[in-house]
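The values are calculated or read from the model by the stated rules, or taken from the named source; none is laboratory data. It should be emphasised that the depicted structure is a prediction, and the values quoted were computed from it without experimental measurement. Quick reminder, even Gly has a Cβ in these numbers, built from the backbone with ideal geometry, and neighbours come from all protein chains shown. Note: areas computed on protein heavy atoms with side chains; ligands, DNA, RNA excluded. Shrake-Rupley method; radii C 1.70, N 1.55, O 1.52, S 1.80 Å.
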Amino acid sequence: MTGRPPLRAVCIGAGGFNRANHAPVLKGLAEGDEPRLSLEAVCDLDRARAERFQQEFGFRRVHTDLARMMDEVRPEVVYSLVQPTATAGVVSQVLPTGLPVFTEKPPGVSVDEANRLAELAETHGNLTYVAFNRRQMPAMRRLKQWLTDHAPARYVHGEMLRNRRREPEFGIGTAIHALDALRFLCGDVEGVEVRAQLYDDGACADYFVKLRFVGGLAAELQVIVDCG
């Protein structure tokens, strides 16, 4: 036993994505002989949904008001797991506390939103992490090391091939992982070109992206949402 007390954690958002992907992990971190988290509260605008979430994963209390939760609970770490269109508004309320923040991707649905959050995090000294999980894949980390060992690379090609992923939000909800993986591997982007090829029904599109990175490396990304 280390004797280190678990971090007081709160979770913002009790939706289906959180329930399927993040909450089981948080519950696991709060269990066992040496729990790393104490699940103090879950906050959601839908109180009934939050109460179901509380019962399923063992949070101590339920809130529907973010500011009140932060004031009453005094957490040590915050998980923001809301839909992309709500992320910037929620996280911008949390960052001025200076607390560590884990947030789902993307950090805003526009460059301006993402930049505003980055500026707030820098101003208030937050330890933050956006859930771009491809960065943590062992194969991706080995590839990054290979690129470093064999620098300078000239060209990188990436593909994301999916079947029947025709939802309108696929670009910011899933395809952004592939884009971020290229940025993780290659560094900062200084130029980008995007061509969207609509499907016949106009409901969705495939994306063909050309990227130019600082230092001259070029990359291409193909995102095909419905390969058949």
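Computed quantities for the displayed model
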{"item": "Region 62-77 - residue that is farther than 20 Å from Leu29 by Cβ and of a type outside the set (A, V, I, L, M) and, of those, least open to solvent (accessible area, probe 1.4 Å)", "result": "His63"}
{"item": "Residues located in region 21-61, provided they are among the β-branched types (Val, Ile, Thr) and either over 23 Å from the mean Cα position of the chain (by Cα) or open to solvent by 60 Å² or more (accessible area, probe 1.4 Å) (or both)", "result": "Val25"}
{"item": "Spans of helices (runs of 4 or more DSSP H) in region 78-164 with at least 1 residues exposed (fewer than 12 other Cβ atoms within 10 Å of the Cβ) and either at pLDDT 95 or above or within 15 Å of the chain's Cα centre (by Cα) (or both)", "result": "111-124, 138-149"}
{"item": "For Glu190: the one exception among (1) closer than 24 Å to Ala86 by Cβ; (2) in contact with a Phe, Trp or Tyr (Cβ under 9 Å, 6 or more places away or on another chain)", "result": "(1)"}
{"item": "Hey, Arg8 more than 23 Å from Pro107 (Cβ to Cβ), modelled with pLDDT of 95 or more, open to solvent by 50 Å² or more (accessible area, probe 1.4 Å) and assigned to a helix (DSSP H, G or I) or not", "result": "no"}
{"item": "Count of residues meeting criterion [in contact with a helix residue (DSSP H, G or I) (Cβ under 8 Å, 6 or more places away or on another chain) and not in a loop (DSSP other than H, G, I, E, B)] in region 19-37", "result": "6"}
{"item": "Near pairs, Cβ below 6 angstrom, 6+ apart or cross-chain, from region 155-176 (at positive phi) to any residue that is assigned to a loop (DSSP other than H, G, I, E, B)", "result": "Arg164/Asp226"}
{"item": "Residue match in region 177-197 (condition: more than 19 Å from the chain's Cα centre (by Cα) and among the small types (Gly, Ala, Ser))", "result": "yes"}
{"item": "Arg52 vs. criteria in contact with a helix residue (DSSP H, G or I) (Cβ under 8 Å, 6 or more places away or on another chain) and assigned to a helix (DSSP H, G or I)", "result": "no"}
{"item": "Qualifying positions in region 181-227 - open to solvent by less than 80 Å² (accessible area, probe 1.4 Å) and touching a residue at least 60 places away in the same chain (Cβ under 8 Å)", "result": "Gly216, Leu217, Ala218, Ala219, Glu220, Leu221, Gln222, Val223, Ile224, Val225, Asp226, Cys227"}
